[in-house]
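The values are calculated or read from the model by the stated rules, or taken from the named source; none is laboratory data. Because the structure is a prediction, the values reported are computed rather than measured. Quick reminder, even Gly has a Cβ in these numbers, built from the backbone with ideal geometry, and neighbours come from all protein chains shown. Remember, those area values only see protein heavy atoms, side chains included, never the ligands or the DNA or RNA. Shrake-Rupley method; radii C 1.70, N 1.55, O 1.52, S 1.80 Å.
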Amino acid sequence: MLLRTAWRRVAAAVRVAPGPKSVAPTRGLRLRAVDLFPQSAVPSDTATAPQAESMLRPLYMDVQATTPLDPRVLDAMLPYLVNYYGNPHSRTHAYGWESEAAMEHARQQVASLIGADPREIIFTSGATESNNIAIKGVARFYRSRKKHLITTQTEHKCVLDSCRSLEAEGFQVTYLPVKKSGIIDLKELEAAIQPDTSLVSVMTVNNEIGVKQPIAEIGRICSSRKVYFHTDAAQAVGKIPLDVNDMKIDLMSISGHKIYGPKGVGAIYIRRRPRVRVEALQSGGGQERGMRSGTVPTPLVVGLGAACEVAQQEMEYDHKWISKLAERLTQKIMKSLPDVVMNGDPEHHYPGCINLSFAYVEGESLLMALKDVALSSGSACTSASLEPSYVLRAIGTDEDLAHSSIRFGIGRFTTEEEVDYTVEKCIHHVKRLREMSPLWEMVQDGIDLKSIKWTQH
C-alpha cells in the first residue's frame, strides 16, 4: 500500500507539472509495466528504445550469482524503509525500540533455519565479510598458540584470498586438493591437522559445480581433534537442511541475496558453547556483541529474516521443484547432444547448480550466442577473467573442457517453459558452433585429438 501511494503521488506530481518543464527531461521515471509520462511529454527518439529494452529482458538462469527478491520479503521490509526508520541501537525512544525488536525477531528467524541460538547470529554485510571475520578473526585471536589453517582448493575466492593474506602475516595454510568428483578426501583432511591447527574451512555447496561436501563427517573430525570448523554455506542455507549442532559446525557464513533476500546483508553464526573467540576486523561502537561494529541496517536484516523463514517453510517444496527441472534440463541436453560432460559428483550434488562442459565449443562464444538467456561460465566474482575456472582445474578437468563449461542455475521461480526454451536454444547453438569447429570435424573423421602433436608458428 505504501509503495502504491508513493507511485500515485509521483504520477500526480508529473501530471500537474507546468507544460514547458515537462518536456525537458529525456529520462523518465518509469515502472516496468506502466509509463507514467504521457507520450507527448517525452521526445519520441529517446522514449522508444528504453521502453522496448525494458520489455525484452533475457530469461534468468544464474541463481548462483544472485536470486530475485521474494515479494514476501519485500512486504516485510517496506515498513522499515518508510515508517519504522529508527536506529536499532537507540535505547531512549520508541523509534529505536521498534527497530531493535524487528532486528531481534530477524535474528531469531535466521537462527531457527540452522538450528542455532539467536545470540549466536551476528549480522554482517554479506558472506564475503562473514568469511573474512571467521577466517581472519579466529586465526588472529589464537595466533599466540596456533598458526596453522586448513582449507580446500575449490573454496570461494574470498576464503582463498583471506588465507593468502594470513600467509603474509606468518600463518601456515594447507590447501587440500579435491578428488575428480570435487569432494575432499577425509583421510587427507585428518592427516593435514597439526597440533597448532586453529581452523578448518570447507564450503558446504560449491558455487560453480554444486558439489556438496560431507559437512557432518568433517565436523566430527574437527570436533574430535579440537579444531574449529567453519563452513561457507552461502549456496546451501535455505536450500538443503542444515543443523549446526548435529553437524558440529563452529562458524557458518550466510548471504541474504542467495536466498531470495536483499543484497548487502548476511550473517555469521559463531558458536557460544564451547565458545569460539574471534578478533573483530572493524573498530567502532561495539555493536553485534563487539564482533561487527556499525549500525545494523534494519530493513535489510528484516529482509534476511523473512527470507530465512520463507526458505524454512518452502525448502522441501523448492527442492522437489528444482530437482524436477534440473532432471528435465540435463536429460534433454544429454539426449540431444554427444560429448557433454557434467562437472562434479552427480550423487553428492545440489540440483539447482548444473555445470556442463560442451566439448569442441568455446564457452564464451556459447554464452554470446545464448544472449536471450542469462547464464554464466563460472563464478560471478571471477567472471571478468578469461582464464578457465580454478574450480574446474582443481577437479582435473582438461583445459579445453574447462573453457567450454556453462553453469545453469535453477531456482524457486524458474518455470518449465524457461527450462525448455533454454535447452532448445542451447542445443541449437552448440550444434551450430560445432559445425564451424575444425576440431569437431576431425573428431567426426575418427581422429584422436590427444594423439596430435600441435606445433606453434
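Could you give the nm distance between label points at Tyr85 and Arg72, where each point is 7 Å from its Cα heading toward the beta carbon?
Once both label points are built, they end up 2.9 nm from each other.
What's the ranking of 306-314, 435-443 by average number of surrounding C-beta atoms within 10 Å, highest first? Please report the intermediate quantities before stating the final value.
Numbers: 306-314: 21.0, 435-443: 13.2.
Those peptides, ordered most packed to least, come out 306-314, 435-443.
Find the centroid of the Cα atoms in the range 322-355 and in the range 219-268, then give the distance between the two in whole Å.
Going from one Cα centre to the other spans 25 Å.
Filter Lys239/Lys335; Lys187/Lys226; Lys157/Lys212; Lys157/Lys450; Lys180/Lys431 down to the pairs with a C-alpha to C-alpha distance above 23 Å, please. Could you put the intermediate results ahead of the total?
On the way: Lys239/Lys335 28 Å; Lys187/Lys226 17 Å; Lys157/Lys212 18 Å; Lys157/Lys450 32 Å; Lys180/Lys431 28 Å.
Beyond 23 Å: Lys239/Lys335; Lys157/Lys450; Lys180/Lys431.
Which peptide among 339-346, 191-198 comes first, and what is the full order, when sorted by highest mean count of other Cβ atoms within 10 Å? If you can, show how the numbers build up before the last one.
Values: 339-346: 18.8, 191-198: 15.5.
Put in order of decreasing packing, that is 339-346, 191-198.
Stretched out fully, how many nm does the piece from Leu56 to Asp196 gain, at 0.36 nm a residue minus the Cα gap? Don't skip to the end; give the middle numbers.
Details: separation 140, 0.36 × 140 = 50.40 nm, distance 5.68 nm.
Difference between extended and current length: 44.7 nm.
At 1.4 Å probe size, with the rest of the protein present, what percent of the exposed accessible area of the range 64-191 is carbon and sulfur atoms?
Numbers: 3010 of 5600 Å².
Here carbon and sulfur together make up 54 percent of the probe-accessible area.
Compare His348, His156, His403 by solvent-accessible area with a 1.4 Å probe and give them largest first, with all protein chains kept in place. Intermediate values should be presented prior to the final figure.
Details: His348 105, His156 30, His403 60 Å².
Result, largest first: His348, His403, His156.
Given all pairs of different Cα atoms, what value in angstroms does the Kirkwood hydrodynamic radius of the range 71-310 take? All intermediate terms of the calculation are to be shown ahead of the outcome.
On the way: mean 1/r = 0.0552 Å⁻¹.
With all distinct Cα pairs of the range 71-310 included, I get 18.1 Å.
Looking at the range 315-439 from every direction and averaging, what is the projected area of its Cα convex hull in nm²? Could the numbers behind the result be given before it?
Details: hull surface 31.5 nm².
If you wrap the Cα atoms of the range 315-439 in a convex hull and average its projections, you get 7.9 nm².
Take the range 73-115, drop everything but the C-alpha atoms, weight them equally and run the Debye formula without solvent; then report log10 I(q)/I(0) at 0.27, 0.34 Å⁻¹ to two decimals.
Here log10 of I(q) over I(0) equals -0.92, -1.09.
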